[in-house]
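K.L.:
Sharing a structure here in structure tokens format.
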Amino acid sequence: MAPAGLSLGASVLCLLAWARLATADRVYIHPFHLLVYSKSSCDQLEKPRAESPPDPTFTPVPIQAKSSAVDEQALREQLVRATQQLEAEERLRAVKVGVLLNFMGFHMYKMLSETRSAASGAVLSPVALFGTLTSFYLGALDPTASRLQAFLGVPGEDQGCTSRLDGHKVLSALQTIQGLLVAQGGAGSRARLLLSTVVGLFTAPGLRLKQPFVQGLSSISPVTLSRSLDLSTDPDLAAEKINRFMQAVTGWEMGRPLTGVNPDSTLLFNTYVHFQGKMKGFSLLPGLQEFWVDNTTSVSVPMLLGIGTFHYWSDTQNNLSVTRVPLSANACLLLIQPHRAPDLRQVEALTFQHNFLTRMKNLSPRAIRLTMPQLTLKGSYDLQDLLAQTKLPALLGAEANLGKISDANLRVGKVLNSVLFELKADEGEQPTESAPQPAGPEVLEVTLNSPFLLAVLERDSAALHFLGRVSNPLSAA
């Protein structure tokens, strides 16, 4: 796991980048040369505007226009094909982007967690979050582009072209990271992991979008749906129409649907992510089992059982334990359990930090009988709210220069990230890390029947795809 070892040192660079954004100090940051424009690209970009034709534009069709349903298996196969015959530079670029998105994911998860009570859950996709911000960078001009670049963790040293982030390279790396998560077995194989991302661009009637921007989103989201509707007359009705449209196209039941559209908005940028994992060698226990939401309240939920050799670590100093469960050869589920349920917030603050992957090296093989809830987590959050908590409310505000998205004076409303996260049993197969089924007193009983944390890690890129807190398996986050 060499990429994981990179995380601490590279995260220090990210810390300096964030500090620079906040303080405007001149701090030397070694450039991420794989993520910036090449000299030849810069020569092309710096041609006089008179030599370059204007970007073609289009008006999104009305939201009531007929749309095809999302084919999730086709999306998976497209991701798998994107990872076949990857060159060494593409893999290294994915590792670099993985470092950046992990750091941002931890920071923004902290912001999200602080807005939710301990009794409520939380689920966040660092990949979707980073992809959303990179998409806005792709559509931005200075000074917004420079501020977004610094926020993404790659400030330009001298503001020259070869220090500028190449948004297409970053989105391509994010596609690689997504593909590596689901690629086990190749295209057309029986999928144990599904990952689907759909972007909805909802505009006021008559607003024209630039084709190169929308086409550039295809790496992170092959399905980008541009639709127009009246956002100002009845904002609640507009939100309801958007929710119904996305439900019809994806079939996904998302938690916390869009509400309260700002009537002054001319563009809403919504990202929808569906992850489904089938846990090899696990079985669904008969009947419902108790899950203790707190010391006095329990709910009845379906539970999964897996018996095998998993990686485990009990950190007695910090009163937590970690169990690593394989989801595929490259992907794993990390389950973090406080030794005392009331310590969940403290364990959360301690665990989800930039040194997370370094600390996970403490895990070692152990025979375990693991019982955990079957999960269907639903969560939504407005990136604008998280930016406000980060003291950057104007980053995508009224003054933002988004001239590569549209020639109109855009007013960006809600920037929603919605996640549907599912884990269920893949019965009939043995666990990946399992020898013959262990038995006897040496088998450790691990039972997740009270609030816990989780993370999904893809090990080739060392990218964290999901971070979550399960407070009640029956409630939306």
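The values are calculated or read from the model by the stated rules, or taken from the named source; none is laboratory data. The structure displayed is predicted, hence computed values, not measured ones. Heads up, the Cβs are rebuilt from the backbone with ideal geometry, glycines too, and the neighbour counts pull from every protein chain shown. Accessible surface is based on the protein model in full, side chains and every heavy atom, while ligands, DNA and RNA are left aside. Shrake-Rupley method; radii C 1.70, N 1.55, O 1.52, S 1.80 Å.
K.L.:
How far is it, in nm, from the label point at Gln353 to the one at His168 when both lie 7 Å from their Cα along the line to the Cβ?
P.N.:
Once both label points are built, they end up 4.1 nm from each other.
K.L.:
Can you pull the percent of the chain's accessible area that's carbon plus sulfur, 1.4 Å probe, other chains left in place?
P.N.:
Answer for the chain is 51 percent, counting heavy atoms of protein chains only.
K.L.:
Enter the accessible area of Leu285 (Å², nearest 10), with the probe set to 1.4 Å and all protein chains included.
P.N.:
40
K.L.:
Can you tell me the order of 109-122, 215-228 when each peptide is scored by its average per-residue count of other Cβ atoms within 10 angstrom, highest first?
P.N.:
Ranking, from highest mean packing down: 215-228, 109-122.
K.L.:
Sort 84-93, 245-254 for me by packing, meaning the mean count of neighbouring Cβ atoms within 10 Å per residue, highest on top.
P.N.:
245-254, 84-93
K.L.:
Using θ = phi - 60° and the Karplus form 6.51 cos²θ - 1.76 cosθ + 1.60, what ³J(HN,Hα) does each residue of the range 373-382 get, whole Hz, x for Gly and Pro?
P.N.:
So the J values, rounded to whole Hz, are x, 5, 10, 9, 9, 10, x, 9, 8, 8.
K.L.:
Relative to the longest principal axis of the chain, what angle (0 to 90°, nearest 10) does the C-alpha long axis of helix 235-250 take?
P.N.:
It works out to around 60 degrees.
K.L.:
Evaluate the Debye formula for the chain with equal point scatterers sitting on the alpha carbons, no solvent, and hand back log10 of I(q)/I(0) at q = 0.07, 0.10 Å⁻¹, in q order, two decimals.
P.N.:
Result of the Debye calculation: -0.36, -0.75.
K.L.:
Compute the angle between helix 88-115 and the longest alpha-carbon principal axis of the chain, please, reported from 0 to 90 degrees and rounded to the nearest 10.
P.N.:
80
K.L.:
Using a cut-off of 11 Å between beta-carbons, work out the net charge of the residues near Ala248 (Lys and Arg +1, Asp and Glu -1, Ala248 not included). The partial results should precede the final answer.
P.N.:
Numbers: positive: Lys66, Lys241, Arg244; negative: none.
Result for the neighbourhood of Ala248: +3.
K.L.:
While we're here: Quick one: net charge of Phe202's neighbours, Cβ under 10 Å, K/R +1, D/E -1?
P.N.:
Net charge in that neighbourhood comes out at +3.
K.L.:
Can you compute the helix-only [θ] at 222 nm over the chain? Use -39500 (n - 2.57) per DSSP H run of at least 4 residues, normalise by all residues, nearest 500 deg cm²/dmol.
P.N.:
Taking each H run of at least 4 residues, the total per residue is -9500 deg cm²/dmol.
K.L.:
Then there is this: Quick one: angle between helix 2-23 and the longest Cα principal axis of the chain, in degrees between 0 and 90, rounded to 10, please.
P.N.:
Here the helix axis deviates by roughly 50 degrees.
K.L.:
Convert each backbone phi in the range 203-216 into a coupling constant with the Karplus relation 6.51 cos²θ - 1.76 cosθ + 1.60 (shift: θ = phi - 60°), then list the ³J(HN,Hα) values in order as whole Hz, x for Gly and Pro.
P.N.:
These are the phi-based 3J(HN,Hα) values: 10, 5, x, x, 6, 9, 9, 8, 4, x, 5, 5, 5, x Hz.
K.L.:
What are the lysines whose alpha-carbon lies under 27 Å from the alpha-carbon of Lys278, with same-chain residues fewer than 8 places away excluded?
P.N.:
Hits, sequence-local ones excluded: Lys361, Lys378, Lys424.
K.L.:
Now for a separate question. Report the extension gain between Glu46 and Ser68 in nm, rounded to one decimal, defined as 0.36 nm multiplied by the number of residues separating them, less their alpha carbon distance.
P.N.:
Result for the pair: 3.9 nm of gain on full extension.
K.L.:
What does the net charge come to around Asp315 if you take all other residues with beta carbon closer than 15 Å to its beta carbon, with K and R at +1 and D and E at -1?
P.N.:
Neighbour charge sum, excluding Asp315 itself: +3.
K.L.:
Which whole-number value in Å² is the accessible area per residue of the range 181-296, probe 1.4 Å?
P.N.:
Details: 4660 Å² over 116 residues.
On a per-residue basis, the range 181-296 sits at 40 Å².
K.L.:
For the ranges 393-401, 304-312, 56-64, what's the packing order if you count other beta-carbon atoms within 10 Å of each residue, average per peptide, and put the highest first?
P.N.:
Going by the mean number of other Cβ atoms within 10 Å, highest first, we get 304-312, 393-401, 56-64.
K.L.:
Work out the FRET efficiency for His33 and Glu253 from their Cβ-Cβ distance, taking R0 = 41 Å, and round it to the nearest 0.05.
P.N.:
Details: r = 43 Å, r/R0 = 1.06.
With R0 = 41 Å, the Cβ-Cβ based efficiency is 0.40.
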